[in-house]
1. If one computes the Cα centroid of the stretch 55-133 and of the stretch 135-176, what distance in Å separates the two points?
2. Would you list which lysines come within 17 Å of LYS35, measuring only between C-alpha atoms, while excluding same-chain residues fewer than 8 positions from it?
3. For the stretch 230-278, max minus min Cα coordinate along each principal axis, in Å, sorted largest first?
4. Which whole-number percent is the relative contact order of the stretch 160-277 (Cα, under 8 Å, 6+ apart)?
5. Using every alpha carbon pair in the stretch 85-163, what percent of pairs falls into each 10 Å bin from 0 up to the bin containing the largest distance?
6. On C-alpha positions alone, give me the angle between the axis of helix 137-150 and the longest principal axis of the chain, in degrees, nearest 10.
7. For the chain, modelled as a GNM with alpha-carbon contacts under 10 angstrom, which of ASP183, ASP245, ASP167 fluctuates the most?
8. Using a probe radius of 1.4 Å on heavy atoms only, what accessible surface per residue do you get for the stretch 195-278? Whole Å² is fine.
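The values are calculated or read from the model by the stated rules, or taken from the named source; none is laboratory data. Note that the structure is predicted; figures quoted are calculated from it, not measured. Here the Cβ positions follow ideal geometry from the backbone for every residue, glycine too, while neighbour counts run over all protein chains shown. Just the protein is used for accessible areas: all its heavy atoms, side chains included, with ligands, DNA and RNA removed. Shrake-Rupley method; radii C 1.70, N 1.55, O 1.52, S 1.80 Å.
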Amino acid sequence: MVRRILLGAQLRRLRESRGVTREAAGYSIRASESKISRMELGRVSFKPRDVADLLTLYGVIEEAEREPLLNLARASNRPGWWHSYNDVLPGWFPTFVGLEAAASAIATYEVQFVPGLLQSEEYAHAVVVGNYPDLPADEVDRRVALRMGRQKILVGENAPHLHCVLDEGALRRVYGGRAVMRDQLKLLAEYSETPNISLRVVPFDRTDHPVVSGAFVILSFSEVEISDVVYLEQLTSALYLDKEDEVAEYRRTMNALAGVAATPEETRRLLHEISREL
C-alpha cells in the first residue's frame with residue numbers, strides 16, 4: 001500500500017507538471033478517469049505496462065528516470081510477508097500491518113492490554129485465546145506467530161520510534177496467569193530502556209487526563225506524500241482516518257495523555273511494583 005501511495009503521488013505530480021488531464025491519461029492506458037484517480041491515490045494495483053505508458057505520455061523517456069518508477073510499480077504488487085497469514089486474519093488487518101511496517105513513528109494508547117508490538121509470546125497466546133476461545137490451536141499459534149513477526153520492525157537500522165501510553169489497567173489485568181504476567185512486565189521494563197521506544201503509564205490516581213473512548217494508533221511516515229493515519233479497531237471492523245483535522249485531534253489527545261502520564265523512570269518503578277504484587 002505504501003509503495004502504491006508513493007508511486008501514485010509521483011505519477012500525479014508528473015501528470016500535473018505536463019498539464020495532462022486525468023481523462024487523457026486514462027485514454028492512454030485504455031482506462032477511465034476514475035481509475036487514474038484511484039491509481040494516484042494508491043488505491044489500486046499497478047500494471048508495469050500502464051506505468052510505462054503513462055511515463056511516456058508524461059515525457060519521461062530516459063531509462064535512468066523510468067526504471068526506479070517501474071521498479072516501484074513491480075514492488076508495489078509483491079505481497080508482504082504477513083500476507084501468508086491472511087487465512088487467519090480479519091480482512092481489514094493486513095492493511096494495518098503493512099502501514100505499521102512502513103511507518104517511521106508509531107504512537108499508541110491502550111487501555112485493555114499491552115500492545116501487540118510489546119507482547120511476550122506467552123502473553124500474546126493468552127490474549128488471543130481470551131479473545132477467541134473457540135479458535136483451533138493451530139490458528140491460535142499462527143496469530144501469535146504473526147504478532148511476533150510484527151515485532152521485528154522495532155529492531156534494525158530503520159526501526160520506527162514507538163511512543164506507547166498505557167492505562168494502568170492494562171498492566172493490572174492478568175492474562176495467562178501470574179507467571180506470564182510477571183514476565184510480560186519484565187519485558188516492558190526492558191523495552192522501556194530501548195532508545196527507539198518510549199513507554200509511559202497513566203496511573204489510576206491521575207484523574208486529570210482526557211476522557212478517551214478506547215485505544216488508538218497514530219502511524220506517521222517519513223515520506224511527505226503519505227499522510228498520518230489513525231487506526232481504530234472495532235469488534236468486527238476497523239477505521240483508518242487520514243483527514244488532517246481528525247488526525248490532529250488524536251495527536252492532541254495523545255500529547256495530553258503523555259502530559260499526565262508517569263515519566264519513563266516512574267513507569268519502570270510502577271512496572272516493578274505491580275510485578276512484586278503478583
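1. Between the Cα centres of the stretch 55-133 and the stretch 135-176 lies a distance of 14 Å.
2. Filter leaves LYS47.
3. 42, 28, 10
4. Relative contact order here is 33 percent.
5. With 10 Å bins starting at 0, P(r) equals 17, 50, 30, 4.
6. Relative to the chain, helix 137-150 is tipped by roughly 70 degrees.
7. ASP245
8. Accessible area per residue: 58 Å².
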